[in-house]
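Single-structure report; data block below.
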Amino acid sequence: MLHLNKDSFSAALDASPLPAVVMFYANWCSKCAMMKPVAEDLEAYFQNRILFYEVDVEESPQLADQYAGELVPAFVCISRGTVVGAMSGIIEEGLLKERIQKIFRNS
C-alpha cells in the first residue's frame with residue numbers, strides 16, 4: 001500500500017481513474033496491525049481495479065478528522081475524489097471484500 005499524507009492525498013486520489021480504499025491507521029493501534037495484512041491481501045486481489053493507500057492518523061490528523069473521525073482502523077472508499085463508503089474496526093477479510101465490491105458497484 002502506498003503511504004499518503006496531507007501533501008500527497010488529494011493529488012493521488014483526484015487524479016486517479018480507479019477507485020481507492022484508504023486505510024487510516026495508527027502505529028499504537030493493535031487492531032490496525034491486525035487489519036494491515038488483510039488490506040494488503042485485498043490490494044493484491046483487486047490489483048489493477050482498486051487502488052489501496054494508507055494514512056497514519058498521527059502524521060496527518062487533519063485527514064483523519066475529515067475522512068475517518070476518531071475510529072481506527074478505518075477504511076474509506078473513494079471514487080472520483082468523492083467518499084462513497086466507509087467502514088471501521090476489525091472486519092473479516094471476506095466480508096471486507098464483499099463490502100468494498102458492493103460500495104464500488106453502487107457508486
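The values are calculated or read from the model by the stated rules, or taken from the named source; none is laboratory data. Worth saying up front: this structure is predicted, and the values here are computed from it rather than measured. Every residue, glycine among them, receives a Cβ derived from its backbone with ideal geometry; neighbour counts consider all protein chains shown.
One line per residue, one yes/no per condition, for (1) out of contact with any helix residue (DSSP H, G or I) (no Cβ under 7 Å at 6 or more places or on another chain); (2) surrounded by fewer than 17 Cβ atoms within 10 Å (Cβ to Cβ):
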| residue | (1), (2) |
| --- | --- |
| N5 | yes, yes |
| L13 | yes, no |
| L18 | yes, yes |
| V21 | no, no |
| F24 | no, no |
| R49 | yes, yes |
| D56 | yes, no |
| D65 | yes, yes |
| P73 | no, no |
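Across the stretch 12-35, the number of residues qualifying as among the hydrophobic types (A, V, I, L, M, F, W, C), without any contact (Cβ under 8 Å) to a residue 40 or more places away in the chain and more than 13 Å from T82 (Cα to Cα) comes to 2. Among residues belonging to the stretch 57-83 that are among the charged types (D, E, K, R) and in a loop (DSSP other than H, G, I, E, B), point out the one that is nearest to I100 (Cα to Cα). Among residues in the stretch 57-83 that are among the charged types (D, E, K, R) and in a loop (DSSP other than H, G, I, E, B), the one nearest to I100 (Cα to Cα) is R80. Residues in the stretch 14-35 that are modelled with pLDDT of 95 or more, in a helix (DSSP H, G or I) and closer than 25 Å to R105 by Cβ: M35 only. Tally time: how many residues in the stretch 57-79 are more than 15 Å from H3 (Cβ to Cβ) and without any contact (Cβ under 8 Å) to a residue 40 or more places away in the chain? So the count comes out to 6.
Checking each residue in the stretch 13-22 for being hydrophobic (A, V, I, L, M, F, W, C) and either under 16 Å from R49 (Cβ atoms) or in contact with a strand residue (DSSP E or B) (Cβ under 6 Å, 6 or more places away or on another chain) (or both) picks out L13, L18, A20, V21, V22.
Residues in the stretch 23-42 that are of a type in the set (A, V, I, L, M, F, W, C), in contact with a strand residue (DSSP E or B) (Cβ under 8 Å, 6 or more places away or on another chain) and under 16 Å from E70 (Cβ atoms): M23, F24, A26, C32. Of the numbered criteria (1) in contact with a helix residue (DSSP H, G or I) (Cβ under 8 Å, 6 or more places away or on another chain); (2) in contact (Cβ under 8 Å) with a residue 60 or more places away in the chain; (3) not in a strand (DSSP E or B), the one K97 fails is (2).
A single entry from K36, K6 fulfils the requirement of being in contact with an Asp or Glu (Cβ under 9 Å, 6 or more places away or on another chain) and farther than 24 Å from K97 by Cβ: K6.
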